[in-house]
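Below you'll find the structure, written out as structure tokens, and then a few comments.
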Amino acid sequence: MEFIDLKTQYQRLKPAIQARINAVLDHGKYILGPEVGELETCLAEYVGTRHCIAVSSGTDALLLSMMALEIQPGDEVITSPFSFIATVETIALLGAKPVFADINPKTLNIDPAAIEAAVTPATRAIMPVSLYGQCADMDAINAIADKHGLAVIEDGAQSFGATYKGRRSCSLSTIGCTSFFPSKPLGCYGDAGACFTDDDELATRLRQLRIHGQERRYYHTRAGINGRIDTIQAAILLAKMEIFPDEVEKRIQIGTKYSEALKEYVGVPYIEPHNNSVYAQYTIQIENRNELANALHERGIPTAVHYPEALHLQPAFTYLNIKQGALPYSELTAERVLSLPMHPYLTEHAQNQVIEAVQEAITVLCQN
């Protein structure tokens, strides 16, 4: 059984993907070719923003967003300690200070009350993570930002396609960012990402920053990076967008089935009534995680842990001097989470295999 099955998706899209790639090979515009602009228009319309700026990765999307907001060394950016390291390392790379606010133990997304408590005169931005495919409480977060004059950058690397109160992830804040890493809900065949905004000036800055701060050829208004998306990756994403809404629905159906079948056995994802999740990962919680993972492996079910240690305890951030126990919900959750196979091509038979394996393994573990 595949944890994430990209091969079946490719077989479904093979003619469209090949045609798109061949078109790029024929015109030879491999950097910022016409497919990039086409993709940006397509994605902006889908998300519901004025601007989409396609970039080289989800990590670079976060970095470029903070550069466009002119985050400086010494500025503070409040974010979640329970995420992939890219969320925090981009803050540190700019010389800014990551400030952690603990998560809500139900949704596993950053807790707005903890954000409010973390704001200081040095705070410049809030970077909530829409973890596992569900958006954070963006209205509450935006209200805090408005109160203190802060920007909000949604790290939507795992939530592209999800909705929050009828609005799509990446349209909910000053700048929304996502990743098109192959395993994401919408993934290409390499690294790529995007930034979304309704702010014309920020969009201009982002477009310049992704090409070395260039306003026009060899005229640089600011220092930027090489943050461009490859045209071939844009072409692949255009082909995949044709079926993406269908894949989102399948993810929701599978996630709902998992939760209904497993809720009496393990902690299943809590989805707010006003949200839907694209289940970038389907992640359960259980105290004896390693025992369950081993038992599932013996039954042919692959698993993964996203993420095994909270970011404030990672060696890279020891300079922040945050002690163990300071962010208890994030630390406890990191010890309990386990992700099960999740992708739109998980057959009903495979879904049932996963469900039965978890039920059986938990029953045995409880008896021991």
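Springs between Cα atoms under 10 Å define the GNM used for the chain, and in it the highest mean-square fluctuation of Ile232, Ile252, Ile31 occurs at Ile31. Phi angles across region 332-348 convert, under the Karplus curve 6.51 cos²θ - 1.76 cosθ + 1.60 with θ = phi - 60°, into 3J(HN,Hα) values of 5, 4, 4, 8, 10, 7, 8, 9, 9, x, 8, 6, x, 9, 6, 5, 4 Hz, Gly and Pro given as x.
Take the solvent-accessible surface of the protein heavy atoms, probe 1.4 Å, and return the percent of it on the chain that carbon and sulfur atoms account for. Before the final figure, lay out the partial values.
Numbers: 7700 of 15410 Å².
Carbon and sulfur: 50 percent of the exposed surface of the chain.
Summary value for region 1-160: 17 percent relative contact order, contacts being C-alpha pairs under 8 angstrom separated by 6+ residues. Under the classification rounded if a/c is under 1.5, otherwise prolate if a/b is larger than b/c and oblate if not, where does the chain fall, given a ≥ b ≥ c as square roots of the Cα gyration tensor eigenvalues? Oblate is the answer for the chain, as a/c is 1.5 or above yet b/c matches or exceeds a/b. Can you say what percent of the DSSP beta bridges in the chain, counting only those with both residues inside, are antiparallel? Round to 5. Bridges in the chain are about 65 percent antiparallel. Residue pairs exceeding 21 angstrom between C-alpha atoms, taken from Lys97/Lys323; Lys106/Lys165; Lys184/Lys250; Lys106/Lys147; Lys184/Lys263; Lys7/Lys184: Lys106/Lys147; Lys184/Lys263.
Take the alpha carbon gyration tensor of region 284-363, find the square roots of its eigenvalues, order them as a ≥ b ≥ c, and report rounded if a/c is under 1.5; if not, report prolate when a/b exceeds b/c, else oblate. Numbers along the way, then the final one.
Details: a/c = 3.33, a/b = 2.35, b/c = 1.41.
It comes out prolate by the Cα gyration axes.
Full extension of the segment from Gln18 to Glu45, taken as 0.36 nm per residue of separation minus the current Cα-Cα distance, would add 7.3 nm. Restricting region 265-346 to trypsin sites (Lys or Arg not before Pro) that sit in a DSSP loop and have at most 12 other Cβ atoms within 10 Å of their own Cβ leaves Lys323. In this structure the amide hydrogen of Val99, modeled in the peptide plane, comes within under 5 Å of the amide hydrogens of Val77, Ile78, Thr79, none closer than 5 places in sequence on its chain.
Report the gain in length on full extension from Lys7 to Lys165: 0.36 nm times residue separation, minus Cα-Cα distance, nm rounded to one decimal. Before the final figure, lay out each step's value.
Working: separation 158, 0.36 × 158 = 56.88 nm, distance 3.33 nm.
So the extension gain works out to 53.6 nm.
What 222 nm value per residue comes from the helices of the chain, counting each DSSP H run with n ≥ 4 as -39,500 (n - 2.57) and dividing by all residues, nearest 500 deg cm²/dmol?
Values: 12 runs with 152 residues, N = 368.
After summing the helix terms and dividing by residue count, I get -13000 deg cm²/dmol.
A full extension of the chain between Ile225 and Glu360 corresponds to an added length of 43.5 nm, given 0.36 nm per residue minus the alpha carbon distance. For the pair Glu298 and Thr120, label points projected 7 Å from Cα toward Cβ lie 5.0 nm apart. Per-residue 3J(HN,Hα) values for region 269-285, derived from phi via the Karplus relation 6.51 cos²θ - 1.76 cosθ + 1.60 with θ = phi - 60°, read x, 8, 10, 4, x, 8, 10, 10, 10, 8, 6, 3, 9, 9, 10, 9, 10 Hz in sequence order (x marks Gly and Pro).
For region 106-203, the list of trypsin sites (Lys or Arg not before Pro) that fall in a loop by DSSP and count at most 15 other C-beta atoms within 10 angstrom reads Lys106, Lys165.
Electrostatic tally near Thr123: other residues with Cβ closer than 15 Å to its Cβ, Lys and Arg +1, Asp and Glu -1, net -2. Find the centroid of the Cα atoms in region 36-62 and in region 65-129, then give the distance between the two in whole Å. With region 36-62 and region 65-129 each reduced to a Cα centre, they are spaced 22 Å.
Starting from the Cα gyration tensor of region 1-159, take the square roots of the eigenvalues, sort them a ≥ b ≥ c, and report rounded, prolate or oblate (rounded when a/c is under 1.5, otherwise prolate if a/b is larger than b/c, else oblate). Could you put the intermediate results ahead of the total?
Working: a/c = 2.40, a/b = 1.75, b/c = 1.37.
Because a/c hits 1.5 or more and a/b exceeds b/c, region 1-159 counts as prolate.
The values are calculated or read from the model by the stated rules, or taken from the named source; none is laboratory data. Only a predicted model underlies this, so the values are computations on that prediction, with no experimental measurement involved. Note that each Cβ is placed from the backbone with ideal geometry, even for glycine, and that neighbours are counted across all protein chains shown. In case anyone asks, the SASA skips ligands and DNA or RNA and just uses the protein heavy atoms, side chains included. Shrake-Rupley method; radii C 1.70, N 1.55, O 1.52, S 1.80 Å.
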